[in-house]
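Here's the structure we're looking at; comments come further down.
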């Protein structure tokens, strides 16, 4: 009985793996790849994709990586070497996982480049103005006692101070209010929320350049 059950499970797995749901221009996608990608995306971005959106993503990713393998194999080799250092079992992963990691690494390079060379105080100002929850306690003694809660969307001193902290990886926030200097008590989860907003902002900023790069490879 156990042997028959094993055979049935193997047949189901084989059918799922070989069930081709897209096949065009030498690019095919199986049902297993689709399900794997949906799970990957959910684990990476905490978002649920529809099967239609996931299929479009996979086709774009496969076409992009395939184009790079032909036009710039050295780039792919260097990219894979970096991913091997990040993921010790990279070589053992399925092709859809490898391509997903490659694609995200390329995209992250665009994000990193924007952070390092283009992200400035004006970007942060736009982000601050767009956020509703920018109310933080202020203190005169390193947050041991709280004076009051203050809104900081438009506080120029705090904006510049936060920008310097962000660039240098520090968390010592200060602001001037009516010429008095205060410590601004920002919790780690609040810092994380601001950082997430920065990430979302940068992702939007690099989207056009990233798409030009991707679709330029496919033309």
(request) Give just the number: which of (1) surrounded by 12 or more Cβ atoms within 10 Å (Cβ to Cβ); (2) without any contact (Cβ under 8 Å) to a residue 60 or more places away in the chain does residue 88 not satisfy? (result) (1)
(message) Of everything in region 175-196, what is surrounded by fewer than 16 Cβ atoms within 10 Å (Cβ to Cβ) and on the phi < 0 side of the Ramachandran plot? Give them in sequence order.
(response) 176, 180, 181, 187, 188, 189, 190, 191, 192, 193, 195, 196
(message) Going residue by residue through region 198-212, is there one that turns out to be more than 17 Å from the chain's Cα centre (by Cα) and not in a helix (DSSP H, G or I)?
(response) no
(request) Please indicate, with yes or no, whether at least one residue in region 206-213 is under 30 Å from residue 58 (Cα atoms) and modelled with pLDDT of 90 or more. (result) yes
(request) Read through the list (1) surrounded by fewer than 15 Cβ atoms within 10 Å (Cβ to Cβ); (2) more than 26 Å from residue 20 (Cβ to Cβ); (3) touching a residue at least 12 places away in the same chain (Cβ under 8 Å), then give the number of the only condition that residue 44 fails. (result) (2)
(message) Quick check on region 119-141. Is at least one of its residues more than 30 Å from residue 31 (Cβ to Cβ), without any contact (Cβ under 8 Å) to a residue 24 or more places away in the chain and part of a helix (DSSP H, G or I)?
(response) yes
(message) For region 38-60, give me each residue that is under 15 Å from residue 104 (Cβ atoms) and either touching a strand residue (DSSP E or B) at 6+ places or on another chain (Cβ under 7 Å) or assigned to a loop (DSSP other than H, G, I, E, B) (or both).
(response) 46, 47, 49, 58
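The values are calculated or read from the model by the stated rules, or taken from the named source; none is laboratory data. As the structure is a prediction and not an experimental result, all values here were calculated from the model. All Cβ positions, glycine included, derive from the backbone under ideal geometry; neighbour counts span all protein chains shown.
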